[in-house]
Amino acid sequence: MDMTDTDKKEILVAISELSKKTDESIGRLAEKTDASIARLAEKTDALAEKTDASIARLAEKTDALAEKTDASIARLTEKTDALAEKTDAILEAIGHFSDKTEARFLGVEKRLDHIESAMVTKDYLDEKLSDLNGDLTVLIRKEDHKLAHLVNILETRKVISPQDANAIFAMEPFPQMRQHNAL
């Protein structure tokens with residue numbers, strides 16, 4: 001069955017539209033991927049800023065507590081020298097204060113451990129991006145195989161010339177060099 005020029009043009013238009021739709025689908029998927037990565041980066045940055053702010057506040061409190069502790073120890077040392085008989089009571093107070101401080105630090109450490117365990121790591125992001133890249137490659141390869149099959153059918157039916165088929169096969173994203181004509 002001979003094909004008219006109009007039929008050939010319609011087939012080429014259909015191939016062009018299929019190619020445009022594939023490009024648009026890939027573009028939308030890339031935009032969604034970029035948007036997801038941007039949102040994830042914003043969330044990671046926000047979490048990092050909150051963590052940094054918490055650490056800064058903790059450092060300020062620790063410094064203030066250290067200053068208070070230093071002042072208390074200085075006063076206690078003076079009183080200990082002046083009042084030898086109250087030494088045991090003062091040491092007991094310092095021990096109690098130290099236990100409470102240690103308990104507070106343990107609580108802070110637990111909270112920091114929890115924050116660290118909930119954070120998204122660079123390795124996790126790299127792994128997810130790698131998985132997405134692989135998925136996109138597989139999808140594009142499937143579309144490339146469909147296009148190759150369509151070109152082979154069109155060439156077999158003599159709708160397009162072997163030179164046109166070779167030109168199509170040489171196109172990106174997965175260019176191919178053919179040694180022979182269609183199937």
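No lab work stands behind these numbers, since they all come straight from the coordinates. A quick note: this is a predicted structure, and the numbers were derived from the prediction, not measured. Positions of Cβ are backbone-derived with ideal geometry, glycine not excepted, and every protein chain shown enters the neighbour counts.
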> Toward the positive end of the charge dipole of the chain, about the Cα centre and with charges on Cβ (Lys, Arg +1; Asp, Glu -1), which of Phe97, Pro162, Ala30 goes farthest?
Replying inline: Pro162
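If I take every Cα pair under 8 Å that is 6 or more residues apart in the chain, average their sequence separation and divide by the length, what percent do I get for the relative contact order? Don't skip to the answer; put the middle values down first.
Details: 39 pairs, mean separation 35.0, N = 183.
So the answer I get is 19 percent.
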> By how many degrees, 0 to 90 and rounded to 10, does the Cα axis of helix 5-82 deviate from the longest principal axis of the chain?
Replying inline: 10 degrees
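Hey, which of these cross-link pairs are over 32 Å Cα-Cα: Lys9/Lys128; Lys61/Lys122; Lys122/Lys146; Lys79/Lys100? Let's see the in-between values first.
Values: Lys9/Lys128 43 Å; Lys61/Lys122 30 Å; Lys122/Lys146 36 Å; Lys79/Lys100 23 Å.
In this structure, Lys9/Lys128; Lys122/Lys146 exceed 32 Å between Cα atoms.
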>> Using Cα-Cα distances under 8 Å and only pairs 6 or more residues apart, what relative contact order does segment 99-183 have, in percent?
In response: 20 percent
> FRET efficiency for Ala38 and Ala167, Cβ-Cβ distance as r, R0 = 35 Å, nearest 0.05?
Replying inline: 0.40
> So for the chain, taking the charge dipole from beta-carbon charges (+1 Lys/Arg, -1 Asp/Glu), which of Ser130, Leu65, Leu150 sits furthest toward the positive end?
Replying inline: Leu150
>> Against the 2.2 N^0.38 Å scaling, with N counting residues, where does the chain land? I'd like the Cα-based Rg ratio to two decimal places.
In response: 2.24
>> With n ≥ 4 as the cut-off for DSSP H runs, can you work out [θ] at 222 nm for the chain, using -39500 (n - 2.57) per run divided by the number of residues, rounded to the nearest 500?
In response: -31000 deg cm²/dmol
> How far is it, in nm, from the label point at Glu10 to the one at Ala59 when both lie 7 Å from their Cα along the line to the Cβ?
Replying inline: 7.3 nm
> When the dipole is taken about the Cα centre of the chain, and only Lys, Arg (+1) and Asp, Glu (-1) are charged at their Cβ, what size is it in debye, to the nearest 20?
Replying inline: 640 debye
> P(r) for segment 115-183: what percent of alpha-carbon pairs falls in each 10 Å bin, starting at zero?
Replying inline: 19, 33, 18, 13, 10, 6, 1
